[in-house]
Amino acid sequence: QVLAGVYPISQLQEPYTAVGYLGSRLALPPLLQLRPPSGPAWTAWDLCEAWAEKRGYRTARAARNDVYRAANALLRLAAEGRLRLCLRPPGFTEERGEWRPP
């Protein structure tokens, strides 16, 4: 709902699930030129942390990476169309011939 623009990004309390969904459908690290994570694979938290480090998003008191702000920024990039996310209708691959013009 967030990526479709139905639910406002500013109302999200936990944006990492939506970032994980976005990261599973797009190759965000090469697109955004992010540094590789310390673990074996990218997680939503790793994506947000790498984006916060790249953009310089820091928390006010502890000066740690502001991953919440980075998650919101990534979702806004997708909602504004700067990251192109294309979703096919349900059943598209099975009924591909019916969707194409003759």
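Annotation: amide H of residue 58 within the under-5 Å range of 66, sequence separation 5 or more or interchain, hydrogens built in the peptide plane. Based on the Stokes-Einstein relation at 37 °C and a viscosity of 0.692 mPa s, and on the Kirkwood radius from alpha carbon pairs, region 1-94 is assigned a translational diffusion coefficient of 235 µm²/s. The modelled label-to-label distance between residue 86 and residue 24, using points 7 Å beyond Cα along the C-beta direction, is 2.1 nm. 3J(HN,Hα) along region 77-82: 4, 6, 5, 7, x, 6 Hz, from the Karplus curve 6.51 cos²θ - 1.76 cosθ + 1.60 with θ = phi - 60°, whole Hz, x for Gly and Pro. Here the accessible area is traced with a 1.4 Å probe on the protein chains. For region 1-66, carbon and sulfur cover 50 percent of it.
The values are calculated or read from the model by the stated rules, or taken from the named source; none is laboratory data. The shown structure was predicted, so the numbers you read here are calculated from the model rather than taken from an experiment. Note: ideal-geometry Cβ built from the backbone for every residue, glycine included; neighbour counts use all protein chains shown. Ligands, DNA and RNA are excluded from the accessible area calculation, which covers all protein heavy atoms including side chains. Shrake-Rupley method; radii C 1.70, N 1.55, O 1.52, S 1.80 Å.
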